[in-house]
Structures are given as structure tokens and as C-alpha cells.
Amino acid sequence: MSGALARALLGRTAAVFGGMVAAITALVVLLKAAPGDAVDLVTTDPELRARLVADWGLDAPLHEAVLRALGGQWGTSWTLRPGAQVAELVGDALVQSLPLWLGAWLLTLVVGVGWAARRRAVRKWRLPALSAAPVFLLGWGLIVALNEGAFSAMGAGLLERPSWFSLPDTDSWLRNALAVGVLAVGSGGLRSFIDSVRSRLDVHRRSPAVEALVARGQPVDRLLAWLLVPDLAVLAAERGALLFGGLVVVERVFAMPGAGGLFWEACVRRDQPVVVASGVVAALGVAGLRWLADVARVVADPRLRGSA
Amino acid sequence: MRRDVWAWAVLLAALFARLLSAVGGYDIVADVDPGNAGASPAAGAWLGTDALGRDVAWRMVKATDAFVVPAVWAAVVSVGLGGALGTLGGWFGGSVERASGAVAGLPGAAPRFVLVLLLATIFAPTPGVLALGCGLAFVPQTAAEVGARLGAMRRTDFVEASLVHGVGVPRVLGEHLLWTGCRLLLARLGMRAAAFFVVVETTLAYLGELGVQEPLPSFGNMVASGLVDGRLHLVSRLAPAIALWLLLAALFHLDGVLARQDAQEAA
Amino acid sequence: MSGRRLEVDGLRIEAPSRVLVDAVSFAVEPGELVALVGASGAGKSLIGRAIVGLLPFEPGVVAGEVKVLEDGRPVVVLTAHGAGRHSALASLRGRTVGWIPQDARAALAPVYTIGRQLRDALRHHGHAHAPADIEGALRRAGFPQPASILDRFPHTLSGGMARRAQVALGLATGAPFLVADEPTTGLDKPVQARLVQTLRALGDGGRGVLWITHELDLVRRFADRALVVEAGRLAWTGAGAELPERGLR
């Protein structure tokens, strides 16, 4: 690896993870600054309160609290699964969410790039119309339509009870497929990804370098693809980060287990260790995606190696 | 222009509904009428009634309380804070740009919806906190885009010439750069934050607990009740969903309109 | 090079509300350095872009013909009418007419090294593309130490070096004709002269070169012929050395 490349990567790594540390510090500061005390949700008995404050480290100084948050020392769950190790809870939930997140992310990339690369005009209204609906609304619409349709068909004797009936209570291939699709398409996500990729492709197609290849009679696809890599890396990272948030909604709407549903429950029940852990993991995920995008950009575009 | 009229009409309808909600005198408690539950659309209730016999159309009007004003606040936070940080960075460049970029980037460390939920959990899921969260979620993008545009414009000859000829910095920055060069961009970014607030508010209401709670109406909780109650007329079940979808489609469409106009002015 | 001749016949280029180039006809013979001069906005670059097929030859946009004749017989005819447009473009671009674009550095692929770009161009046009061949192309373009350029990326080159890299790429296609669009823009006077000498040498080597420029002194020194474009029309043609001062109103 060349010196310039290594320096650029090091600089990017420091920036990305430095930002993450700053954000987690801000989260811990906010928690400490929040009105009231989280332990008041559990008990007001002074003796018990003092013990819980000590046990849960609520009186720890700021730097210690930040280090614990960053170091994965999240303690035990307060209200969600009292006594359970938060690290285990969050870890198990992440494993359950990974296929859903990965499926939606890959679907976005494949469909998004494929659609954006089409030169022929596409009927523009269909995808924006669908994509404008928020994730929960898309999910709701599909669940209602499929359930009612199946129920009517069963009632009319046209259909045997399908394995997936009824959504979302039954764990089925259809429920999982719908969840992936809804997560990918909803809230304008897929549409804005396609628009961004298309816009970058158009810019590169009109670039002097591509035009020069055309004038020399040489094919442009490989250069276009390589020029798009840095843009695609950034867009894919942004999209991946947004999908983390979408997991919360999709797992709830489709009654699927996972990190999103865990985070939601922890927020509702004010289980602070699980909330903090989920926030840290989400920040780590976002930072990780951005770091990968930065690595891809620096490797693909030699112009970036001088400016770390 | 004719293709965009529908979007402006939807937006105006939402604003009108908010106004109507304030002056229309609809009482969410007095409207309860279990004997009239699940009624079909008719003259007295254009969109039918829900499971408690309440007028769905009036509840939809009342539901605009939950998002119209807070969405505007979300836009103000995003444009105000993000715009200010972007302006600082774009105008001064160098270490100021790096510092303002780092500050603006802080909210971007978490996914947007997660950020809003974190704030709602730490403080309380009030409209103000949600609006603040949604506005903050768009600060990184606003700061980056305004900073990039302002930075490019700052280096143009006409700006240098204006400064050399004694035109004050506030006027160059405010009138020539921000107003002339960035107003459509800021409008778009504010609109995105507002649209995000609508999504967040209705999603939280749909999911329950952290959102608008019954008997107060939200498009979100109205859609949720339509999911489970098969007695409701189809129109009553679909109306809130369609209204929400139309509103968001209009906001996305207008984002595209403003983007094209912005590109034309830049050219 | 062969008995080929590049002809532009009745070229007309239109924008939605006005005519940009009208009734332009001229020819470039093998071994000639023909200068196309005119003020900014006269239409010189548009003519060059039309010749290399970068403008859409469609009714209402570009009319007229760009032809390549071999021993008097048309072998390539690019016109707005007729079904053979795509095959004419394929025959023209790179195979018959090479191009040296105005913005030399921006027109180099930013993510490939100079050596890689030359190798791709040589290979695509069926020429030998071993490292020695690549260095030979760079040497012909005026690089004294070609080996030092091979692994460099475009953003690390000076303006003059980027221009020479474009000359090398134009030569790599092996096309008998070259269109050079303002190749001396932004270069110092001595560097300009050296670059034009390289173009002159290409002409002497048998290639026909259409050189778009507004450097009148260099035209008088080096060009065989000059064509003056004013408001999209040819206003004067003659020997390069006799180019009048009026050229750039």
C-alpha cells in the first residue's frame, strides 16, 4: 500500500471514529443532563434508590460513563429483562436483525443501480408514488390487503389457508419478504437512492473524460462504473444508516424479533442501559459504514489520497 | 407548472385543515357516539365513523394539530442551525469549516429515527422534543450542502469585487449569497425536515406508546385502528392512509420541483 | 498515411433559437496542418466536435456531411439523414479522426494512470500495447522521459504534460486525422510553441491535423492553411503565413 493511500486511510479512520466518540459522549451528557433520574421510574425508597444508583453506576463521573458506554460495559437490563446482560441481549437481537437489514440494503443497491442505469425513460410516477408512503403505512397496506384478500378467497372457497396467513402473526417466507421490501422502498428511501445514483451517473456521462473516450471510439462502461464507485460508496453507506432506523418500525409492524424491536421496547420502558447500548451500537454501525465508504472512495479515486 | 398544482393544493389543504381545527370547534369527547359506530359515508359524516362513532373527517382535520406546527419548527431548527453552521464553514473555510463541520456532523452519528427516539426517551416524546430531534437530524445535510454552495460562491469574482468595493459582509452574505444563491436550497432542506417530522409523528402514533395517544387523533393511530377493526367502512379505514400518503407524496414532489428550479437558477 | 482526405460539406449546427454554424465546407489533406481560427464563440469548437461525432447528427441540430474519402471515393459519410449514422460514427471516432480535447486534464480519466489509458487506447484500436509501445507513443507526443509518466495519475500532471498525454492518446488510436481543440490554452509561450511543433511534426509524418486555435502568431509560423470563422461562417481561407489580422473580431 502506498504511503499516500495509507495516510489518507488513517486520516479518514480518525475522523470517522472520532466523530462517533464525540456523539456517544454527547449522548451520555444528555442522559446525565436529563430532568429527573431514571432510577425514579423503579423506586422512590431512599435506601433502595441509593443502592440502585451505585449498582447501575448512575453516579459515575462523565468520563467513566463514556468509557463504559464505548467499552460495551452496559451492565444489566433494568426493566425489559431485569438482570439479563445487556451486551448479550443486544448481540442476540442484532443477529436476528441482520438478515432483514442486509436483504433490504442489497435490494436497494441492486434495484437502485439497475434502475438508475437504464437509459430509457422510466414511467416516473410509479416508484415515487409507492416510495412516498412511510414504512409503517406500506407495511400496513400490504398486511391489510393480503389478509383481507386471502380471507375473502378462503371464504369463497377459492383458496386453501395459505401458510403465511395471517400476517404478521405467522412466521413465514412472505412476511420476511414483505418486510425486506417495505424496509427498502418505504419513506422515499429507494426512490431517493435511485435519483441520487442517476444524477451522479448523468454527471459522469457528461464529464470530459467520458466524452474523450466516446470521441476515441472506446467503450465507457468500465470507466463509468469506476467513477461511480466513490459516489455509490457514500450513497450506500447513507442508505445503510437510514435502514438501521427503519428496522425499528419494520420489526414492530411485522412483529419480528430483532434489535429494532428491542430498542423500541427499551425506549417505551425507559430501560436506560439497553437504550444506551442500542444507541452506541447504532452509532458504531453508522461509523463503520462511513469508514467502509471512505476506504472505497480513497481506493477508487486517487485524487482523494492527497487530502486526508 | 400545471403538473405541480396538485402538490401545492394538498399542502394548502393541510394548512387549511390546521386552521379549521383551531376554529372549527370540534370536540373529540363530545363526538363519541357508540351507537353510530362504523357508519358508512353520508351527509353527516363524509368519511363515515370509526369504532366509537366519531366523525372520521373531523378527526382527520383535528389530526393536523399533531404535525403542522411542529413540522414547521423542525424545518426552522434544521435550516436555522444547519444553515448557520454551513454559512460559517462556507464563508470562512479552513479550520472554521472543519470545526463547524464536526459540530454539524454530531447528530449524524446516529440514524435519524434512532436519534429522535433517543431524545424522546431521554426527555419526553412531546411535539417540541420530536420537532427538535427531527430538525437536528437534518442539520448535517443542511450544513454540508449550504457550506459547499456558499464556499463555491464565496470564491467567485463578483463576491471578491463586492467586498473590495466596500459592500458590507452582512449584505454580501445575506442578500447576494444566502438569499439569491441558497434560498431554494434552504427551502428544500426545510421541507425535508418537515416531511421527516410528519413521518416520525405518524409512525410513533401508529406504533403506540410514544406517539399521540387516544382520544387525540393522529393519522398514525387512525390507520392503526383501521388495521384491527374490520367493522369500519372501507372509506373510513383508507381515508387517513390516503391523506397521509398524499401529503408526503406532495412534499416529495415539491422537493423535486424546487430542486429543478434551483438548478435552473444556478445555471 | 494513405490517400485519404477529410471533407466537411455544408455543415450547419443549430440551437433551439438560433443558427450557430452555417454553410461551413472545407477539407483537410493528409500531411496538412490546417488552422481553424476565430474569436471566442465563433463556432470553432462546435465544428471540431461535429467532425469527431460528439454532436448529435439529427435533423434540426446538425446538418451537412462529414466525409472521409479514399482516392476520391467516400469511405465514411456522416450525415443527419440515412440509416448509416451509427456505423459512420463508429468508423469516424478514433478510427479515422482522433481528438485532442480543449480541457486536457479533465478529459483524462482521473482514476486510471496515463500508462493504463494509453494501453487501453492502443489495445482497443488493435495496436501493439506492450510497455515499449506505450513509451513510444509518449515519446512521439514529446515526453523526453516517458517511463516516468506511465504510473502517474492525471491530477499529478502539469497543464503541458496533460496536453501531451492527450496528444499521445490521440496518436494511440492510429487515426489518419486529428482534431486538436485549442491545445495551447493556458500554457506558457515556449511550451505552446513546442506543442505546436509536435503537431507540425505529426503533419509532416503524414497525418492531417485540424488545429483549432486563436493564437494567430503560431498559425502564421506553423500552419499550412488557415480558415477564419466569424459568426459561424467561414470568412476567409488561405495560406497560414498570410493570415490577416482581421481574423479575430
I'd like the full set of residues that are assigned to a helix (DSSP H, G or I), of a type in the set (D, E) and farther than 15 Å from A:G188 by Cβ, limited to region B:210-267. B:D262, B:E265
Among the residues of region A:269-308, what is the count of those that are within 14 Å of chain C (Cβ to nearest Cβ), touching a residue at least 24 places away in the same chain (Cβ under 8 Å) and open to solvent by less than 20 Å² (accessible area, probe 1.4 Å)? 3
Lone unmet requirement of (1) assigned to a helix (DSSP H, G or I); (2) without any contact (Cβ under 8 Å) to a residue 60 or more places away in the chain for A:L232: (2)
From B:D4, B:D55, B:D50, B:D65, which residue is open to solvent by 30 Å² or more (accessible area, probe 1.4 Å) and at negative phi? B:D65
Tally, over region B:129-185, of residues that are among the polar types (S, T, N, Q) and over 24 Å from B:V257 (Cα atoms): 2
Those residues of region A:169-192 which are part of a loop (DSSP other than H, G, I, E, B) and surrounded by fewer than 22 Cβ atoms within 10 Å (Cβ to Cβ) amount to A:D169, A:T170, A:D171, A:S172
Just checking, does region A:244-259 include any residue being at pLDDT below 90 and at the interface with chain B (Cβ under 7 Å from one of its Cβ atoms)? no
Would you check if there is a residue in region A:275-293 being more than 18 Å from the chain's Cα centre (by Cα) and either over 30 Å from A:S166 (Cα atoms) or part of a helix (DSSP H, G or I) (or both)? no
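Quick grid of which residues meet (1) modelled with pLDDT under 90; (2) in a loop (DSSP other than H, G, I, E, B); (3) within 14 Å of another protein chain (Cβ to nearest Cβ); (4) open to solvent by 40 Å² or more (accessible area, probe 1.4 Å):
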{"site": "A:V90", "(1), (2), (3), (4)": "no, no, yes, no"}
{"site": "A:S97", "(1), (2), (3), (4)": "no, no, yes, no"}
{"site": "A:V111", "(1), (2), (3), (4)": "no, no, no, yes"}
{"site": "A:G139", "(1), (2), (3), (4)": "no, no, yes, no"}
{"site": "A:V144", "(1), (2), (3), (4)": "yes, no, yes, no"}
Within 14 Å of chain B (Cβ to nearest Cβ), open to solvent by less than 30 Å² (accessible area, probe 1.4 Å), in contact (Cβ under 8 Å) with a residue 60 or more places away in the chain and under 30 Å from C:Y112 (Cα atoms): is that true of A:G240 in this structure? yes
When B:A45 is run through (1) hydrophobic (A, V, I, L, M, F, W, C); (2) open to solvent by 30 Å² or more (accessible area, probe 1.4 Å); (3) more than 26 Å from the chain's Cα centre (by Cα), the failure sits at (2)
Test each condition in (1) within 30 Å of C:T156 (Cβ to Cβ); (2) surrounded by fewer than 22 Cβ atoms within 10 Å (Cβ to Cβ); (3) of a type in the set (D, E) for A:E265 and report the one that comes out false. (1)
Condition set open to solvent by 20 Å² or more (accessible area, probe 1.4 Å) and over 22 Å from B:L251 (Cβ atoms), scope region A:193-208, selection farthest from the other protein chains (Cβ to nearest Cβ): answer is A:R200
In this structure, does A:L31 turn out to be away from chain B (no Cβ under 14 Å) and assigned to a helix (DSSP H, G or I)? no
What number of residues within region C:85-117 are open to solvent by less than 40 Å² (accessible area, probe 1.4 Å), more than 23 Å from A:D301 (Cβ to Cβ) and not aliphatic (A, V, I, L, M)? 4
Suppose the filter is assigned to a helix (DSSP H, G or I) and touching a residue at least 60 places away in the same chain (Cβ under 8 Å); does B:G135 pass it? yes
Log entry, pairs with first residue in region C:91-115 being at the interface with chain A (Cβ under 8 Å from one of its Cβ atoms), second being among the aromatic types (F, W, Y) and part of a strand (DSSP E or B), beta carbons closer than 9 Å, six or more apart or on different chains, reads C:R93/C:W99; C:G98/C:F177; C:A107/C:W99
Per the filter on region B:23-42, residues surrounded by 13 or more Cβ atoms within 10 Å (Cβ to Cβ), closer than 16 Å to B:M60 by Cβ and of a type outside the set (D, E) are B:Y26, B:I28, B:A39, B:P41
Of residues in region B:209-236 being over 18 Å from B:A57 (Cα atoms) and open to solvent by less than 30 Å² (accessible area, probe 1.4 Å), the one farthest from the other protein chains (Cβ to nearest Cβ): B:G211
Assuming B:T202 fulfils every condition listed in (1) under 18 Å from the mean Cα position of the chain (by Cα); (2) under 18 Å from A:V253 (Cα atoms); (3) open to solvent by 50 Å² or more (accessible area, probe 1.4 Å) apart from one, which condition is it? (3)
Checking A:E148, A:E211 in turn, the sole residue that is among the acidic types (D, E), within 30 Å of A:G246 (Cα to Cα) and either within 14 Å of chain C (Cβ to nearest Cβ) or in a helix (DSSP H, G or I) (or both) turns out to be A:E148
Report whether or not C:D188 is of a type in the set (D, E) and within 17 Å of C:T113 (Cβ to Cβ). no
Restricting region B:237-267 to residues that are small (G, A, S) and at pLDDT below 90, the residue that is surrounded by the fewest Cβ atoms within 10 Å (Cβ to Cβ): B:A267
Take B:F158 and tell me if it is closer than 14 Å to B:G82 by Cβ, open to solvent by 10 Å² or more (accessible area, probe 1.4 Å) and aromatic (F, W, Y). no
Can you confirm whether A:A179 is closer than 25 Å to B:V223 by Cα and at pLDDT 90 or above? yes
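The values are calculated or read from the model by the stated rules, or taken from the named source; none is laboratory data. Since the model is a prediction, treat every value here as computed from it, not as a measurement. Ideal geometry is used to build each Cβ from the backbone, glycine not excepted, and the neighbour counts take in all protein chains shown. Side chains included, ligands, DNA and RNA excluded: accessible areas come from the protein's heavy atoms. Shrake-Rupley method; radii C 1.70, N 1.55, O 1.52, S 1.80 Å.
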